[in-house]
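Reading through the structure tokens given below for one structure.
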Protein chains: 2
Amino acid sequence: MNRSTLTDFKKKALSKAAVNKEYQSLAPAYALRKKLIALRQKAGLTQEQIADVLHTQKSNISRLENANSVNSPKLSTIEQYADAVGYDIEIKFTPKKAHNE
Amino acid sequence: MNRSTLTDFKKKALSKAAVNKEYQSLAPAYALRKKLIALRQKAGLTQEQIADVLHTQKSNISRLENANSVNSPKLSTIEQYADAVGYDIEIKFTPKKAHNE
DNA sequence: TATGCAGTTATCATAGTTGATAACTTCGAG
DNA sequence: CTCGAAGTTATCAACTATGATAACTGCATA
């Protein structure tokens with residue numbers, strides 16, 4: 001379970017209002033990883049099984065799923081992962097919220 | 001205008017049924033680039049203006065917008081571009097179409 | 001024609017992601 | 001308790017996206 005880890009991160013990231021803007025940019029990355037994990041579990045696959053499909057190692061899948069946030073994956077990597085769990089991807093653009101609400 | 005270039009690509013890519021599968025994986029990348037260009041033009045910005053905002057060069061923006069398809073951008077790069085034109089991004093997952101329809 | 005703007009392409013160095021291996025922690029089954 | 005499955009973390013090499021510079025095309029316009 002990584003729920004606590006994610007929760008901890010959010011709490012820490014949001015603890016100071018000063019870092020809110022940074023969190024805004026970190027948030028999509030975490031939203032993505034949560035989705036990846038959810039899709040994989042929904043498909044009933046282990047990290048190792050996905051690694052096999054993509055001809056790589058389970059450690060790399062683990063890194064992709066909960067990267068250190070200092071690490072931004074390539075679009076093609078996300079695509080391949082999505083393919084392994086049976087999904088296509090699309091990037092959705094939504095008008096940005098004002099920085100000073 | 002690069003419309004003709006994109007159209008040419010699609011025509012060529014789809015000309016042989018054998019490469020349809022490859023096109024499936026190339027398609028999201030091209031869909032993305034078309035969106036990037038559309039958003040930039042909608043914002044009334046030039047590549048150079050975006051480059052200034054992101055503290056980089058217009059040549060790099062050009063490369064991002066119409067990459068040679070052998071090149072897959074990082075998620076953070078797309079994020080930064082989106083930010084420059086006033087948008088947030090989100091990755092949408094949709095169940096994969098069957099390979100043999 | 002000539003000038004400037006917008007975008008493209010090529011190139012190289014740098015930074016960063018990914019591949020691969022190994023050791024480690026949890027945790028549940030036996 | 002022991003064992004194996006699942007996942008994590010660290011490390012280094014290999015690969016590749018990005019930063020930066022420069023030269024180029026096409027186009028509008030004066």
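The values are calculated or read from the model by the stated rules, or taken from the named source; none is laboratory data. Because the structure is a prediction, the values reported are computed rather than measured. Cβ coordinates were reconstructed from backbone atoms using ideal geometry, including for glycine residues, and neighbour counts include every protein chain displayed. In case anyone asks, the SASA skips ligands and DNA or RNA and just uses the protein heavy atoms, side chains included. Shrake-Rupley method; radii C 1.70, N 1.55, O 1.52, S 1.80 Å.
Summary table below
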{"quantity": "Cβ neighbours within 10 Å from other chains - mean over A:35-42", "calculated": "1"}
{"quantity": "Per-copy distances of the residue A:63 label point, shortest first, in nm (7 angstrom along Cα→Cβ)", "calculated": "2.2"}
{"quantity": "B versus A: buried accessible surface, summed, Å² (probe 1.4 Å, to nearest 100)", "calculated": "2800"}
{"quantity": "Sequence-distant residues sharing a close amide H with residue B:54 (under 5 Å, placed H)", "calculated": "none"}
